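Below: one structure, written as structure tokens.
The values are calculated or read from the model by the stated rules, or taken from the named source; none is laboratory data. Since the structure is predicted, the reported quantities are computational estimates derived from the model, not experimental observations. Cβ placement follows ideal geometry from the backbone for every residue including glycine, while neighbour counts extend to all protein chains displayed.
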Amino acid sequence: MKAILRAGTALAGIVVAGSALAADLPRRAAPPPVFTPVPVFTWTGFYAGFNAGYGFGTNDGNRAPTVVGVNGASGLVAPGTTAAFAFSNARENTDGFVGGGQIGYNYQFTPGSGIVVGVEADAQYVDFGRNRNQFGIATGSAPLLTGAQVFNPNGVSGLDYFGTVRGRLGYAFDRTLVYGTGGFAYGAGGGRDFGLPNGSNDDFRTGWAAGGGIEYALPTDSFLNFFRSSAVTLKVEGLYVNLDRGSRTTGAFGATPAGALVYTNSPGVVLASGGTARERDTEFAVVRAGINYKFGSY
């Protein structure tokens, strides 16, 4: 019995000693945490989107008005009488809604912050109003016959659409891009004063556009990201557009009570003392907001 007790005591001592030695051994190192790099935003990639805003004519409304005289042969006033009309192109007559879409490509030289270059094309519907009867009748002039109308072919109220193809150059502060833009512009219109043989407005005109803006990229998981693009961007942009009309001489024109068009620079219609209207370039500015969906590099 004593032998058994001595053996048990010895075994217990060995176990205690082993435990002490195990406690002194170095512990196994924990695995290092997995590092997931945060992607750096870049503006590089294709994009497409929509915009809407406000446009207004920039021609100087304080210029001297165009004066056109007509006589009874025009059918606008009674036979044997004359009238003189002073036309104005004041800017309050040429403003309204602008909206359309755009598509483009950006390339950023250094992700995060850095220089961004790109190209963008857009097409816009415009509604600058359809009021072309801005004229005053000189004192002593005969009144228009009932149903007769006189129209002014100048201004931008007849412009129905325009578009641009522009370069963009800017600097990105991470998700904020400040840029300038400029390039080719085109436009045309339609309406009652178009399609006239004495110099209509219903022709395709070209020119140039310039402006600038600021754009901000929302997070990829934005609620506006309906198309699962790599980013959704919001922008505010201002643009000046100049469409060349050339230097053609065009007369104001009218419509008789029967609806016949009369050109006031036709022989026997315009008074010898009257003037003819000369078309100026179509100049207007646009302020618009837009949304883009970017596809490509994060």
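Just checking, which of 204, 223 is under 19 Å from residue 123 (Cα atoms) and at pLDDT 65 or above? Show your work before the answer.
Numbers: 223 fails: under 19 Å from residue 123 (Cα atoms).
Within the list 204, 223, the selection yields 204.
Of all residues being within 20 Å of residue 243 (Cα to Cα) and in contact with a helix residue (DSSP H, G or I) (Cβ under 9 Å, 6 or more places away or on another chain) in the stretch 54-95, which is modelled with the highest pLDDT? Just the residue, please. Please lay out each step first, then the result.
First, pick out the residues of the stretch 54-95 that are within 20 Å of residue 243 (Cα to Cα): 54-61, 63, 88-95.
The next check asks that each one be in contact with a helix residue (DSSP H, G or I) (Cβ under 9 Å, 6 or more places away or on another chain); those that pass are 56-61.
Numbers: 56: 86, 57: 81, 58: 81, 59: 67, 60: 54, 61: 50.
Restricting to residues being within 20 Å of residue 243 (Cα to Cα) and in contact with a helix residue (DSSP H, G or I) (Cβ under 9 Å, 6 or more places away or on another chain), the top hit is 56.
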